[in-house]
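Data first, discussion second: the structure below is written as structure tokens.
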Amino acid sequence: MENLPVFVKEIVRLWNVNLRREQLYKQAMSLDNAGSLRRIYSHGYISSLLFKKEIQWVYDGVKCSLVDGDISKRIRKEIVPTVFSKTIDKLSIARIMRDQEQKTIRAYRTLQSKILLSEDDDAIFSDHLEKLIELDSQINKELARSYEYLKTKI
């Protein structure tokens with residue numbers, strides 16, 4: 001890695017984005033009115049946990065243990081406040097989750113455009129990006145179905 005400080009900054013950013021995803025999906029899954037989106041939310045939650053673990057592996061593979069330390073010391077110790085109330089509707093939840101997925105996709109694309117990654121690391125992040133795009137697409141489809149359903153009721 002020719003530009004290690006930028007790499008560390010971007011990898012920590014990805015870690016934090018996935019930590020936020022994890023917390024949001026956990027909150028969304030706990031709601032009674034998640035309906036048909038519950039399966040998508042559980043998939044998003046599990047992927048955020050897996051992505052964080054893989055990000056740590058990539059970080060551990062390039063860090064200088066004498067200088068960089070553990071990634072957990074570099075992340076923001078931020079807990080997402082409760083975003084969802086018990087009365088929030090299914091479409092509002094889906095829009096919030098879709099916005100988060102799109103932010104995450106942008107973060108991955110930024111990393112890939114700023115940093116020359118090894119072939120293995122690029123494969124990991126490309127796989128993450130592919131899964132994020134698929135998840136975003138599933139949320140979009142569910143939103144479209146819900147909007148179509150609402151139109152027929154009006």
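The values are calculated or read from the model by the stated rules, or taken from the named source; none is laboratory data. All values derive from a computational prediction rather than experimental measurement. Positions of Cβ are backbone-derived with ideal geometry, glycine not excepted, and every protein chain shown enters the neighbour counts.
Just checking, which of 46, 55 is in a helix (DSSP H, G or I) and buried (at least 18 other Cβ atoms within 10 Å of the Cβ)? Before you say what the answer is, go through the steps one by one.
Details: 46 fails: buried (at least 18 other Cβ atoms within 10 Å of the Cβ).
Only one candidate qualifies: 55.
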What about residue 73, is it farther than 16 Å from residue 22 by Cα, out of contact with any Leu (no Cβ under 6 Å at 6 or more places or on another chain), modelled with pLDDT of 85 or more and not small (Gly, Ala, Ser)?
no
What pairs come up if the first residue lies in segment 85-98 and is within 18 Å of residue 140 (Cα to Cα) and at pLDDT below 80, the second is among the aliphatic types (A, V, I, L, M) and in a helix (DSSP H, G or I), and their beta carbons are under 7 Å apart, counting only those six or more places apart or on different chains?
90/34; 90/37
Counting only residues that are more than 16 Å from residue 62 (Cα to Cα) and crowded, with 18+ Cβ neighbours inside 10 Å, how many does segment 108-128 have?
2
For residue 78: the one exception among (1) within 19 Å of the chain's Cα centre (by Cα); (2) outside any helix (DSSP H, G or I); (3) modelled with pLDDT of 85 or more:
(3)
